[in-house]
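Below is one structure, written out as structure tokens, with a few remarks after it.
Throughout, read-outs are computed from the coordinates displayed, never taken from laboratory work. Every value quoted in this text rests on a predicted model; they were computed, and no experiment measured them. Using ideal geometry, Cβ is built from the backbone for each residue, glycine included, and neighbour counts are taken over all protein chains shown.
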Amino acid sequence: MAPRAIVVGGGAGGIGAAGAYKGAQPDGEVIVFTEYEDAAYSPCGIPYVHGKEIPNFEALFLATKEAYAEQGIDIRYETRVASLDLEAATVSLDGQGEVGYDRLILATGFEYADPGVPGTDLDGLYYVKNIRRAMEWDKVLDDVKVAVVVEATPLGLEMVTALAHRGIETHVIDHRPWALSDLADPEIVQPVEDSWTEMGVKMHYGVTLEAFVGDGRIRTVRTSAGELPADLAVICTDKAPNTALGTAAGLKTGPTGGFIVDNRMRTSADGVFACGDCVEVPLGVGNLPVQGLSGSHAYSQGKVAGINAGGGRREYQPVYVPWGMVAGLWMIGGVAYGETVAEALGIPYVMGTAQGISRARYYPGVKSLKVKLLAEPASLRLIGAQMVGQEGIKERADFLAMAVKTGITIEDLAYMENVYSPPIGALNEPIALAAQNLLATL
Amino acid sequence: MRFARWLRVNSEHYLLMAAQRDVATRYGQPCRQAREGLKGWFFLRLFTPIYRRLPWRLRAFVLQSMPGSHRQTWAARARQPLGPAV
């Protein structure tokens, strides 16, 4: 009988795993259970549809339901897995009995951390995740005059920008001191916040959320600094790993709350794999477990899990987390450690910064680009970077992630070659300038 | 595991709070932070100063000793660049 894999979760990790399992085990059976109406769409694009940059939600779907069926991937929509029995190798479905498996892959993703205040049952609170709900909410936004975004996390930054772009009076509240302050350094984020001010966004930092207030529907958001009127509250709290199913069955989790996995995405139970936002993986520099990365991480972890579940062999490597985003009128990005996080951990570092440009200085459309590099003091190997500019951030973040991974030094970067072509590259590469400035401080 | 999780959540939160304050001061940026209660007092007034006084090697040892995925089997670090292939 053909071996059967069950995948719980139909997001990037789950669909990646299902496809990879089918590739490794062409005669095998793979069933994906998702509690939602859809699978395999890009939730990361939702803020950009709300902000009218992407014309419609249909563009976010990766493939049609029929396409997956043709590939032999059996997706059971609106089917909730209620529990796991790892000894019997079965999953129990809500109202539908049990299904046995030979291999189990958990891709249960995340849940937004509970705001933990009164009023979360009011209408008018939006958790950005499900595309069908997003389609409904997009119509609601047409009548929203004032919105409050709760927490300036990566999603928070995107939603603030989207709502302001849409002409909605937008407030963002956070107990932390600046946007994205658990990841990005203050001077990196400053241009974003300045552009938000230009867009009419009101920022409220160092305030604690106390309650959502209303009569059936939200009217105000109460904070430690007073009440803000609100037709809508967008909840952008941290992404907590959704591990309830697995932990109830005895799977081990780590200090981030995500499932403990090895480099083949194997959990603490034989024949059970996990991937995506529900797992933790090591950061390659410092070797600390991290959780809640990007859709591209979830998808590649899913492929590793699927190949290994299908009898193949693929190893996932520690991550270095290149990141980047558009917020306000700027792009920000980085790799591994920024100055604030390095200070928090107490990692020794030396640092260099430079203000450069993205194209030849005389070429129309040239944009400024600030680069900050951190290096280990003795070896001068790169351990992190942060950047802010209006173009060229993503490519540099990808490159610097590989630089950190391979142990490239500040000296390598200071004398690196770079593309010089007036429309796309300046004579002096900002990364090289930052490295040269770092060397000058030694 | 519950202790490791509790320690991670709280030490991360408060070490970041202290670092945000210091880095913001360094750049002359405002740093409004939410008020913290007794737990905040412990982590900001006792834990963080003690943590900062420990040598990095000892801190790294403690961090590595906590249970988690990082202690499972992972691929070896990518090799250093070796020079031209041909």
Ordered by fewest other Cβ atoms within 10 Å, a rough proxy for footprinting exposure, B:W56, A:W196 read B:W56, A:W196
Straight-line reach check, A:K372, cutoff 18 Å on alpha carbons, 8 or more apart in-chain or any other chain, hits among lysines -> A:K394, A:K405
Taking A:160-172, B:15-27, A:5-17 and ranking on average Cβ neighbours within 10 Å, highest first, one gets A:5-17, A:160-172, B:15-27
Expressed as a whole-number percentage, the relative contact order of chain A with C-alpha contacts under 8 angstrom and at least six residues apart is 15
Note: probe point = Cα of B:Q64 + 7 Å toward Cβ; backbone nitrogen < 17 Å; residues of region A:261-303 passing the test are A:282-290
Restricting to lysines and to Cα separations under 22 Å from A:K22, and discarding same-chain partners fewer than 8 apart, the set is A:K65, A:K303
Taking every other residue with Cβ under 11 Å from the Cβ of B:R52 and scoring Lys and Arg +1, Asp and Glu -1, one gets 0
Label model pair B:R53, A:R166: point-to-point distance (7 angstrom along the Cα→beta-carbon line) in nm is 5.3
The summed charge of the A:P322 Cβ neighbourhood (under 15 Å; Lys/Arg +1, Asp/Glu -1) stands at +2
Taking every residue of A:181-191, the Cβ atoms of other protein chains inside 10 Å of its Cβ average out to 4
Footprinting proxy, B:H13, A:H297: sorted fewest to most Cβ within 10 Å, the residues are B:H13, A:H297
For A:K129, the lysines lying under 18 Å Cα to Cα, once residues fewer than eight places off in the same chain are dropped, come out as A:K52, A:K139, A:K239
Within 10 Å of the Cβ of an average residue in B:33-43, the count of other chain Cβ atoms is 2
From DSSP H assignment alone, runs of 4+ in chain A each adding -39500 (n - 2.57), the sum over residues rounded to the nearest 500 puts [θ] at 222 nm at -8000 deg cm²/dmol
Measuring from its Cα centre, region A:115-262 shows a charge dipole (+1 at each Lys and Arg Cβ, -1 at each Asp and Glu Cβ) which, in debye to the nearest 20, is 480
Between the modelled labels at B:L38 and A:K394 (7 Å from Cα along Cα→Cβ) the distance in nm is 5.0
For A:F110, A:F259, ascending order of other Cβ atoms within 10 Å (fewest first) is A:F110, A:F259
If every Lys and Arg gets +1 and every Asp and Glu gets -1 at its Cβ, then about the Cα centre region A:90-200 yields a dipole, in debye to the nearest 20, of 300
Checking region A:287-346 for trypsin sites (Lys or Arg not before Pro) in a loop per DSSP with at most 12 other beta-carbon atoms within 10 Å yields A:R313
Inter-chain shielding metric for B:16-28, i.e. average beta-carbon neighbours from other chains within 10 angstrom, reads 6
